[in-house]
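Chemist: To start, I am sharing the structure in question, which I have written as structure tokens.
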């Protein structure tokens, strides 16, 4: 596992006495603040004007001409859609003509000029379909003199949903469930989604072909691939129906995916359905996209916080990806290397990793990829003094649970034994949520209204030892 980083100034006494669990959460929250949806748009968007010229829109430091005779409309989609739209409203004022916001249930904010819709995630629902129809109707009203500002954040693939002719919402729901359960990557999942959609995979840009589009994007995918983020509604799609069909076959989903979906993909692969708009299509000539923040933004801020606390920090160069259990083993091995003095930094050390793992569902328990990763590390960290590992989603949710993730220490296994909870048994049935509910260690933040994938924060400090180590907090489970 490659790492990069450097030594921080030693500040004796700053860490000892304040549990590593508490410090890990503090570092995590520092990362979240740097990618707050409202803050990133506020930094990237401004309205300015000069004498004798019309108003200009400044996007990420570049000036873009505003429509002289047209309208400015806004579409904000994703888990961070509401705060991103709030920042746009503040920047644009009365210049903004109308706007639609589509976000996850529980993530809405009151806005002045935009209509706000909440919808289901990770499975699309009827509310999302209705909200998307309203958004597409707004887009249909735009003409050549108009400008559409599109604000995109993670989660939009499920929230911005328009079944194509021949497919029903229930069939998309079943398809999504099957892909989530089999361990498909976000790229694979969204390749199939794009080919079962009338708005993703560049179709929104095609629909708004006459209007100019400025897209500000909060990235939640490794490598910031514009075609994968939110399934690329205004981005050329290099993937094909044939690739989407191959993914279904690769994961042996032909029986679990509805027959109508398989038939739809087969018709597309056979040229009987139109492919998604490809690179070079005319509709993208009027589209400009800007990444305003990503996982690296959060990691840099978390690293700065850790350094201020006296930790020597380094970022793990290899992204968190693949199966969560294997990612946990890599993190445990990295902790052991640092403890042996073979790591890239000396203790007290903070190692930061970011990305998005997957979970192959084998049992019937509850959990998410971050809780599973933390649970899979319990055995390997058992008995190590002065160590804490926090794994959490930047969006504040991890799977179908109220937890953002979990934190474990070298004491977690012994605490589990006291509560007659065998980590291996809970892991075997994919019940990480049940484990931490019994033993303690859940991290519950509530909706953070941002989404830049996940963070893993590994802290090591010999001086903390068993006596200085804080127990994991008791599970905080809403009634």
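The values are calculated or read from the model by the stated rules, or taken from the named source; none is laboratory data. Just so you know, these numbers come straight off a predicted model, no measurement behind them. Note: ideal-geometry Cβ built from the backbone for every residue, glycine included; neighbour counts use all protein chains shown.
Chemist: Quick one: which residue in 198, 215, 206, 162 is over 28 Å from residue 92 (Cα atoms) and either part of a helix (DSSP H, G or I) or within 22 Å of the chain's Cα centre (by Cα) (or both)?
Modeler: The match here is 162.
Here's the yes/no breakdown for (1) within 28 Å of residue 19 (Cβ to Cβ); (2) surrounded by fewer than 17 Cβ atoms within 10 Å (Cβ to Cβ):
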residue	(1), (2)
263	no, yes
268	no, no
271	no, yes
293	no, no
305	yes, no
320	yes, no
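One line per residue, one yes/no per condition, for (1) over 25 Å from the mean Cα position of the chain (by Cα); (2) under 15 Å from residue 49 (Cβ atoms); (3) not in a strand (DSSP E or B):
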position	(1), (2), (3)
67	yes, yes, yes
73	yes, no, no
83	no, no, yes
89	no, no, yes
94	yes, yes, yes
99	no, no, no
102	no, no, no
109	no, no, yes
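Chemist: Return the total of residues in the range 402-420 being part of a loop (DSSP other than H, G, I, E, B), crowded, with 20+ Cβ neighbours inside 10 Å and out of contact with any strand residue (DSSP E or B) (no Cβ under 7 Å at 6 or more places or on another chain).
Modeler: From the range 402-420, those part of a loop (DSSP other than H, G, I, E, B) are 402-404, 410-411, 419-420; that's our starting set.
Checking the rest, the ones that are also crowded, with 20+ Cβ neighbours inside 10 Å come to 403-404, 410-411.
From what's left, out of contact with any strand residue (DSSP E or B) (no Cβ under 7 Å at 6 or more places or on another chain): 411.
Looking only at that region, the number is 1.
Chemist: Counting residues that are in contact (Cβ under 8 Å) with a residue 12 or more places away in the chain and over 19 Å from residue 443 (Cβ atoms), which helices (runs of 4 or more DSSP H) fully inside the range 297-381 reach at least 1?
Modeler: Working: elements: 324-339, 369-376, 378-381.
Ranges flagged: 324-339, 378-381.
Chemist: Give me a count of the residues in the range 274-291 that are surrounded by fewer than 21 Cβ atoms within 10 Å (Cβ to Cβ) and in contact (Cβ under 8 Å) with a residue 40 or more places away in the chain. Write out each step before concluding.
Modeler: To start, the set of residues in the range 274-291 that are surrounded by fewer than 21 Cβ atoms within 10 Å (Cβ to Cβ) comprises 274-275, 278-286, 288-291.
Subset that is in contact (Cβ under 8 Å) with a residue 40 or more places away in the chain: 278-284, 286, 288-291.
Qualifying residue count for the region: 12.
Chemist: If I filter the range 17-50 down to residues being assigned to a loop (DSSP other than H, G, I, E, B) and more than 30 Å from residue 95 (Cβ to Cβ), which single residue comes out as modelled with the lowest pLDDT? Quick ask: steps written out before the conclusion?
Modeler: Taking the range 17-50 as the starting set, the residues that turn out to be assigned to a loop (DSSP other than H, G, I, E, B) are 17-19, 35-36, 49-50.
If we keep only those that are more than 30 Å from residue 95 (Cβ to Cβ) too, we end up with 17-19.
Numbers: 17: 39, 18: 53, 19: 91.
Out of the qualifying residues, it is 17.
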